[in-house]
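The values are calculated or read from the model by the stated rules, or taken from the named source; none is laboratory data. The structure displayed is predicted, hence computed values, not measured ones. All Cβ positions, even for glycine, are placed from backbone atoms using ideal geometry, and neighbour counts span all protein chains on display. The protein model used for the area step is the full one, side chains on, heavy atoms only, and it has no ligands, DNA or RNA in it. Shrake-Rupley method; radii C 1.70, N 1.55, O 1.52, S 1.80 Å.
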Amino acid sequence: MLEAKGINAFYSRKQVLFDTSISVKEGEKVILIGPNGAGKSTLLKTIVGLLAPTKGQIAFSGEDISSWSPQRRINSGIGYLLQNENIVPGLTVEENLLLGAYPIKGDLLKKRVEEVFEIFGFMKGRLKDRAGFLSGGERQALAVSMVLMKHPRLLLLDEPTAGLAPKAAQNILEHVKKAQDVIGVKAVCLVEHNLKLALEWASKVIVLVQGRVVFTSDTPELFINNPEELEKYFFE
Amino acid sequence: MILLSQLLLNALVNAAIFSLLAVGFGLIYRSMRFFYIAYGAVYVIASYAVVAAMQISGFPLYLSIGAGVFLGVLAGVLMDRTVYLPLERSGATPGVLLIASLGLYILAVNAVALIFGNEVKILSRGIEPSFSLGPLVITRMQVIQFLVGWILVTGFWLIIRKNTLMKGIWAMGETPNLVTALGLPCGLMRLLVFALSSVFAGVASLVTALDVGIDPHVGMHALLIGAVAVIVGGVDVYWGWIGGASLLALLQGMAVWQFSSRWNDLITFGILIITLLFRPQGLFSPRKRREER
Ligand SMILES: Nc1ncnc2c1ncn2[C@@H]1O[C@H](COP(=O)(O)OP(=O)(O)OP(=O)(O)O)[C@@H](O)[C@H]1O
Ligand SMILES: [Mg+2]
């Protein structure tokens, strides 16, 4: 479904990704892990077009999207959650949702908002609140909802559980599962630091260290009780 | 008392024009986060386009006004496409954009002065009819300024409140990456910001020039009024910009009454400095979470 091949990416002169390749197939739930600064966020950014790679191809649903604008990539079915600044604090919860849905209008828009209530019930009563006043967990829920509004087929989530208490983090992952049923998301790629939690959820794990994929496994469940086995790659 | 009422009436008219200037400037300052000095150039170009259309090509007034606003918009959009956008793409800092903006302003003003001369050009001749409201007097041009200004400013607010793309433009200044990441049409939004900003500058320029004429150097005053109104009122609140503009109009009116209009720029800067010292987020900013500041 998603195929990024041989990506090199730079921030001005500093190279962050080195010939990096990942693929996400339909039905897969991938966790992308690695130490801070490994380039996980950068990899997602290049996939949606926020950062132009200097080398490599990106294909989505069999089409080469390397030269597409971020707008075109998102509208073709890739939903992307940024690690930071993933809501607009100065707008209301409702306005944030509408931004996520643009250019959907009318009845369809109403239906999409209802779906969000189905997934995150609390949001119904908070529509008119300023998004900046939400708690950390509520913010992440709103951010994920905004990404779901356009019914993406592929979800790229950059640390949706960052800064959340374990219970709330688990909750978000539960809700991602629920979103897959309600909305029909075909595949998910998640960046996550809470290994245990993510390993229970995932069907595939990719370890990125210093901009290179150092390990991939289709049996994440093997590591649930000994995530150190994966973490040992972090410090090599 | 009558004098004071007359002053207030005049201030209300000026506030309408200042509000137009503030909205035009604020749109770009808020969504692009850069100090748009070339705004003054758009202001000047719009009115001189009317001068050219009327006095050189002999267009009738209403057509000339259309041409003025259109050329103002064209100038604003072209400046973005040829200078700001390429500079931003190549990773220019806000400082570089500021200098480029200043360069554009100087270039435009000198070109206008070269073609049309430095003296004031009068757009409408003859004596303005005026009306009396009890003991107060208002000219026809003032009525037009008042109506055009307040209708545009309120109408635009109604649009911003309802339109999702406008919300997106509003969000650009706060979370630019998010706006891109959500797949919003960033190119279109940018075009809209520059075009709309130019409409406000152009209309403010025209309703002023039709009243008192235009010279090539008034753009800087217009820029200052717009910028100070926005910063004093609070960058993040639309009605704050209008509040800032109205406050400026009122205080300038008082200054004219007590001293002379030469004090106007001093008043403008005085308010700016006092606000920056005591309430840098602006007089009308709402409360925010501490970490957002
Ligand atoms: N906008 C930027 N400009 C310059 N350097 C950057 C920028 N963003 C990230 N970097 C650098 O690129 C490297 C990779 O960053 P990235 O954000 O992709 O890491 P990450 O794996 O997502 O880390 P984390 O787990 O902390 O989120 C880091 O060394 C970081 O300092
Ligand atoms: Mg990251």
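The figures follow:
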| quantity | calculated |
| --- | --- |
| Estimated 222 nm signal from helices in the protein assembly as shown, with DSSP H stretches of n ≥ 4 weighted -39500 (n - 2.57), rounded to 500 | -17500 deg cm²/dmol |
| Mean separation of Cα contacts under 8 Å (6+ apart) over length of chain B, as relative contact order % | 35 |
| Residue-level accessible surface for A:SER217, protein heavy atoms, 1.4 Å, Å² | 10 |
| Accessible-area order (highest first, 1.4 angstrom probe) of the listed residues B:ILE159, B:ILE65 | B:ILE159, B:ILE65 |
| Percent of beta bridges antiparallel (DSSP, the protein assembly as shown, rounded to nearest 5) | 60 |
| Accessible surface, per residue, of chain B when the full set of protein chains is kept, probe 1.4 Å, Å² | 46 |
| A/B buried area, accessible surface, summed, 1.4 Å probe, Å² | 2200 |
| Those residues of the range B:158-190 for which accessible area with every protein chain present is at least 40 Å² below the isolated value (1.4 Å probe) | B:THR164, B:LYS167, B:GLU174, B:THR175, B:ASN177, B:LEU178, B:THR180, B:ALA181, B:LEU182, B:GLY183, B:LEU184, B:PRO185 |
| Accessible area in the full protein assembly, largest first, 1.4 Å probe, for A:LYS186, A:LYS105, A:LYS5 | A:LYS105, A:LYS5, A:LYS186 |
| Residue-normalised accessible area of the range A:191-236, given per residue in Å² at a 1.4 Å probe | 52 |
| The range B:31-50-the range B:130-170 distance, computed between alpha-carbon centres (Å) | 20 |
| Carbon/sulfur fraction of accessible area - chain B, other protein chains in place, 1.4 Å, % | 70 |
| In Hz, Karplus ³J(HN,Hα) per residue of the range B:252-267 (6.51, -1.76, 1.60; θ = phi - 60°; x = Gly, Pro) | 5, x, 4, 5, 4, 5, 7, 10, 7, 5, 5, 7, 4, 5, 4, 4 |
| Beta bridges per DSSP with both ends in the range A:2-235, % antiparallel, nearest 5 | 55 |
| Residues whose placed amide H lies under 5 Å from that of B:LYS121, excluding near-sequence neighbours | B:ILE214, B:ASP215 |
| Average accessible area per residue (Å²) across the range A:1-115 - probe 1.4 Å, nucleic acids and ligands excluded | 44 |
| Relative contact order of chain A, pairs being alpha-carbon contacts under 8 Å that are 6 or more residues apart, as % | 27 |
| For the range A:87-106, residues shielded by at least 30 square angstrom of accessible area compared with the chain on its own, probe 1.4 Å | A:VAL88, A:PRO89, A:LEU91, A:GLU95, A:LEU99, A:TYR102 |
| Where labels lie 7 Å past Cα in the beta-carbon direction, separation of A:PHE18 and A:LYS128 in nm | 5.6 |
| Centre separation in Å (Cα based) which lies between the range A:88-115 and the range A:1-74 | 27 |
| Label point distance in nm, B:SER132-A:LYS5, each placed 7 Å from Cα along Cα→Cβ | 8.7 |
| Integer Hz, Karplus 6.51/-1.76/1.60 couplings in order for the range A:56-63, x for Gly and Pro | x, 10, 10, 10, 9, 6, x, 9 |
| Alpha carbon centroid spacing (whole Å) that separates the range A:193-236 from the range B:221-257 | 57 |
| Protein accessible area in chain A, 1.4 Å probe - carbon and sulfur % | 50 |
| Those residues of the range A:53-72 for which accessible area with every protein chain present is at least 30 Å² below the isolated value (1.4 Å probe) | A:GLN71 |
| Selection from B:VAL193, B:GLY240, A:VAL213, by position along the positive dipole direction of the protein assembly as shown (Cβ) | B:GLY240 |
| Nonlocal amide H pairs with A:PHE215, under 5 Å, H built at 1.01 Å | A:VAL207 |
